[in-house]
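Working notes, structure below.
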Amino acid sequence: MITRATIVAAAFLLPGAALAQGGVGALNGWIESQLAASGSSLTAFGLLFLGGLAASLLPCVYPLYPVTVSIIQGRSSGAPGWWHPVIYYVGLVLTYVGFGVLAALTGGMLNQVMTYAATNLLIGVMFLILALSVVELWHIPLFQPRDVKAGQGAFGTMVLGISAGLLSSACVGPVVVGVLLGVVASAGEVSLSTVTSASSKMLFFGLGLGLPFLLLGVFGMKLPSSGKWMRYVQWLLATLIVWFAWLYLEKGLEILGFSEQQIGLTIAGSALILLALYQWQDAERLPTERVKKAMMGLATVVGVAMLLRGVVPLPTIVATGGGQLAAAPADGGLTEVKHHLTWHLDESAAYERAALQGKNVFIDFFGNWCTNCKEFEKLTGSDLALNAALDGAVLLKVYDTSPTFAKYRDDARFQELKVGLPFFVITDPLGNLLYKTTDYLKTDEMALFLEP
């Protein structure tokens, strides 16, 4: 049965597809440049609210809109039309306030969780299940409407709002980290003021992000009934959700050290197994039952593969972000070649060359899980001015899994590394700090300080 919630999703589908085609990166860049500001003025909080509202337009948040309307439709029976939408909104906003408090107290644990392969793979699977739910091939009891009397069910609605906040955080995670990087960079240490600042900023960001959920909860139930043609919209929406599932699965496999070809083969092979297991079952069974059994069969195959991998370890995979490992130059250090630029992977070798040639050192702290780190890597090839500036310096890439990264993170000059990435540093040949930034779009400033 096509629900009115599907119409709500369809209303956002077209602009979501447009954003997915090229606007997401620019939108994220604008949001982060605004939210990383250290001020706490009314203007700054206004920008935070607008940044959250802009983030709510990201297409990977769309799957939660029909879920929201479906929940509110069922739980608002007998209560004022605004009651459960407001409770749901409060729950979602509190999630982001909690993110701010947690990150400020733990020095970036929130961002650290997103560096784990298991986290990204789990998020990918969650999006896949949501996609199946949209086309009614998966039953999610938590999201089913429940009739409640006026004044009842408020706690359950708030819990569902918190759940929506957790799910949406998978999409806007880089933006959230941008807020926290700005807080730590300006404060330098964790204190009551940093906790208050982080939670306040995340409050306004959450208010903006959750506003569409509130409006859809209050007004979405008044939309007209849908027709049979909306079935096609359901499948289009599911396809969009599957695309985001692919992105997170790809990211998780990259962290595990899979190459681009291995990732494609692994995901394509898993899809074929899932399809085969679905088709082999009795056609008289309900589609939802066939899908669940097929998913259980695929999980069994993956579990067996993991068990074999643990019992019979394969050769260690060296994950270096897809760059070429070139032969060691005269200084004896390993290098990585990307976009005709040679990056040293050995700190001592990089500074020996810098001292010999009298050049400044550009340090790129890199993580395979870091989306904006990879965006900057693309810029080094597409931005000719940046490429030329980098070519005139000694380049050092420090992966977050290396001992060198831990050394820099413990340096009082680089507190930003305790929160997350990206992070860029320029020093002179002796290691004296000249410039640092967490904004990968500040290429003009980088070029200026790269001059010897």
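The values are calculated or read from the model by the stated rules, or taken from the named source; none is laboratory data. Here the structure is a predicted model, which is why all the values come from computation and not from measurement. Cβ coordinates were reconstructed from backbone atoms using ideal geometry, including for glycine residues, and neighbour counts include every protein chain displayed. Surface accessibility is based on the protein's heavy atoms, side chains included, excluding ligands, DNA and RNA. Shrake-Rupley method; radii C 1.70, N 1.55, O 1.52, S 1.80 Å.
A few notes on this one:
- Packing-based ranking, highest mean first, of 421-433, 358-370, 251-263 given that Cβ atoms within 10 Å are counted: 358-370, 421-433, 251-263
- Gyration tensor (alpha-carbon) shape descriptor, region 231-305, a/c threshold 1.5: oblate
- For the pair Val159 and Lys293 in one chain, pulling the backbone fully straight at 0.36 nm per residue adds 45.3 nm over the alpha carbon distance.
- In terms of its C-alpha gyration tensor, region 366-407 has an oblate overall shape, because the principal axis ratio a/c (a ≥ b ≥ c, square roots of the eigenvalues) is not below 1.5 and a/b does not outweigh b/c.
- Using a Förster distance of 25 Å, the FRET efficiency for Leu379-Ser259 (Cβ separation, nearest 0.05): 0.65
- Listed residue pairs exceeding 30 Å between alpha carbons, taken from Lys201/Lys397; Lys251/Lys407; Lys374/Lys407; Lys292/Lys378; Lys251/Lys397; Lys201/Lys436: Lys201/Lys397; Lys292/Lys378
- Nearby aspartates and glutamates by direct alpha-carbon distance to Lys359 (threshold 15 angstrom, same-chain neighbours under 8 apart not counted): Glu347, Asp391, Asp428, Glu451
- Measuring only protein heavy atoms, the 1.4 Å probe finds Ser348 accessible over about 70 Å².
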